[in-house]
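First up is the structure itself, then whatever we jot down about it.
The values are calculated or read from the model by the stated rules, or taken from the named source; none is laboratory data. Not measured: the values here are computed from a predicted model. Don't worry about glycine lacking a Cβ; one is built from the backbone with ideal geometry, like all the others, and counts go over all protein chains shown.
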């Protein structure tokens, strides 16, 4: 390979997937617009602020791609995909209230504009709308999957709230938290698409596993980017987790691999959350020295490989490589 | 009628209804206990705090009674009734965060013990559990009714949040708000019971109207009790609405019926919420002079009569008079 070819070597991209799913996603977008409407003006205004900020809509994309890979010929997956985006948006609204976040998707967090009460209630509206959309899709099996996912997400959020400031958090509990709060919706999004397509139980399970592993990879990368990214690319502030004293895998690795000399630093900055401006840079430095971010990304890559392996028994139509690209992209992305 | 008989004349009571529904409600209670469980300990603790405080469980009672009046022979209404109580409890948890309420059902509000974040997330958990229970009940029609109700409730809450501090609120918008935030769940609870029983569309509509009118009566009485009740009987502080500057029908009547001399009083206490200890008593005095509470209760009584009229075409089995008692009770109650 010569230098020009090396430069031209393609980076992981979801362009092919976006092109394949384009017509379906345009229909999903129309459903989203239609169902966020309400005679109460604050509701569409607040919902639009958040929903318009979402460029990729990965979760509904997963529902569409899983349904089409599994051979869906009708459009029942479209309403489920819109429902998945509404569930996700509702949890973001509530999360930002719970975490007092400042930025989301490159915009000022909704609760800072409309107030926390409106964010809580519009989250409830979107959650209810999600179930109305699911009823419209008419699949009790898909409803069961997404109702269960909604419950598991809330359990993951409460677990995170009560445990994630704990310096003694284990990697096992961390994976349990991100499995529930993030990967469960990816898993359910893919499984619901497969179910809507009338796929066999084995294929439904395989697509669920693809979503689950993709979601874990996605959240691990998110947690690494919170230390390595910058606000402009991320659409939210880097260092949020550190400032909130939220224990994620990069921090667990760094704390475990630095000696007694740093114990006071972690106790002060993470446990007691007494931080100066320079502390975040010091934390990043320690992560570099301990390879905490590299190893977090390496684990993400393993989950992405496991996700791709789940697709092994599917026919190699154009959707399968596009979903494999999605797994690679989730690890390589910078935002 | 002699004096002794007059004294012994029965007050409206739901004892007969409670006795009839006793075995069903015990089963609903068991479902509630079972489904509020979670491996995340905060969730059952917080849910139990609120759910154990509910003595009457009027909304699930309505689902059971509507189903049995409509001839339900199986137990599919039980899961729907538990789902209705979970939806109600979820909205209470979020409401208390939104309103910063201090007391609920005679207990310190959950968010003051576990924090607002946990209240928001456990509300989400209960809401999701409600949909899991509905999936278990297996009726897509009941799911549609309760998903729609959940959405309408959130719209009513946002409408209340944005409009109810407005001195120029009209009686029409006030009725729209309480119709959405309260009466909709009563309506949906009754209709879902009827649907689960396989009742005719006419009977489903009639039971929906019963629930709707009962709910309006119920909320009007609630709003009157906020001026006439005492905290011990109410299980929450009297005067909360006034202190929050929440414009309800008693206040609308009193403001419309007092002259220019009182305009400054209402502007200061309700609009600007600048209040002294004595202001609530002054407001109650003005309500007495203007018959604001009497007329609110008279309107509640008219809705209760309309609710009873909706039952006219049902066979007069033991459930029908018991539901008529419920309508009378909703107006006569002191808490």
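Points to keep in mind about this one:
- Residue within the stretch A:221-239 that is in contact (Cβ under 8 Å) with a residue 24 or more places away in the chain and in contact with a strand residue (DSSP E or B) (Cβ under 6 Å, 6 or more places away or on another chain) present: yes
- Residue in the stretch B:60-72 that is modelled with pLDDT under 90, assigned to a loop (DSSP other than H, G, I, E, B) and away from every other protein chain (no Cβ under 14 Å) present: no
- A single entry from A:133, A:167, A:161 fulfils the requirement of being under 21 Å from residue B:151 (Cβ atoms) and either at pLDDT below 95 or more than 8 Å from chain B (Cβ to nearest Cβ) (or both): A:133.
- Within the stretch A:295-309, the set of residues being under 13 Å from residue A:323 (Cβ atoms) and more than 19 Å from the chain's Cα centre (by Cα) comprises just one member, A:309.
- Candidate set: the stretch A:38-58, residues that are more than 9 Å from every other protein chain (Cβ to nearest Cβ) and in a loop (DSSP other than H, G, I, E, B); chosen: the one nearest to residue B:154 (Cα to Cα): A:52
- On the stretch given as the stretch A:102-141, residues that are within 23 Å of the chain's Cα centre (by Cα) and not in a helix (DSSP H, G or I) total 8.
- Just one of (1) facing chain B (nearest Cβ under 8 Å); (2) closer than 19 Å to residue A:226 by Cα fails for residue A:178. It is (1).
A quick yes/no check of all residues on (1) in contact with a strand residue (DSSP E or B) (Cβ under 8 Å, 6 or more places away or on another chain); (2) crowded, with 24+ Cβ neighbours inside 10 Å; (3) closer than 18 Å to residue A:83 by Cβ:
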site: A:144; (1), (2), (3): no, no, yes
site: A:155; (1), (2), (3): no, yes, no
site: A:160; (1), (2), (3): no, yes, no
site: A:175; (1), (2), (3): no, no, no
site: A:185; (1), (2), (3): no, yes, yes
site: A:195; (1), (2), (3): no, yes, yes
site: A:199; (1), (2), (3): no, no, no
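- Looking across the stretch A:18-31, just one residue is within 11 Å of residue A:56 (Cα to Cα) and either touching a helix residue (DSSP H, G or I) at 6+ places or on another chain (Cβ under 7 Å) or not in a helix (DSSP H, G or I) (or both), and that is A:25.
- Residue match in the stretch A:206-220 (condition: touching a helix residue (DSSP H, G or I) at 6+ places or on another chain (Cβ under 9 Å), surrounded by fewer than 22 Cβ atoms within 10 Å (Cβ to Cβ) and farther than 29 Å from residue A:128 by Cβ): yes
- Evaluation of residue B:91 against the conditions (1) surrounded by fewer than 21 Cβ atoms within 10 Å (Cβ to Cβ); (2) assigned to a helix (DSSP H, G or I) shows that the sole unmet condition is (1).
- For the residues A:294, A:264, the requirement of being surrounded by fewer than 21 Cβ atoms within 10 Å (Cβ to Cβ) and under 25 Å from residue A:12 (Cβ atoms) singles out A:294.
- Qualifying positions in the stretch B:114-130 - free of Cβ contacts under 8 Å to residues at least 24 places away in the same chain and within 7 Å of chain A (Cβ to nearest Cβ): B:117, B:121, B:128
- Candidates are the residues of the stretch A:99-113 that are within 14 Å of another protein chain (Cβ to nearest Cβ) and crowded, with 21+ Cβ neighbours inside 10 Å; the one that is modelled with the lowest pLDDT is A:110.
- Yes/no for residue A:284 being modelled with pLDDT under 95 and more than 26 Å from the chain's Cα centre (by Cα): no
- For the stretch B:145-158, taking the residues that are under 17 Å from residue B:219 (Cα atoms) and more than 7 Å from chain A (Cβ to nearest Cβ), the one that is nearest to the chain's Cα centre (by Cα) is identified as B:153.
- Single residue of B:194, B:142 found to be more than 14 Å from chain A (Cβ to nearest Cβ) and more than 23 Å from residue A:92 (Cα to Cα): B:194
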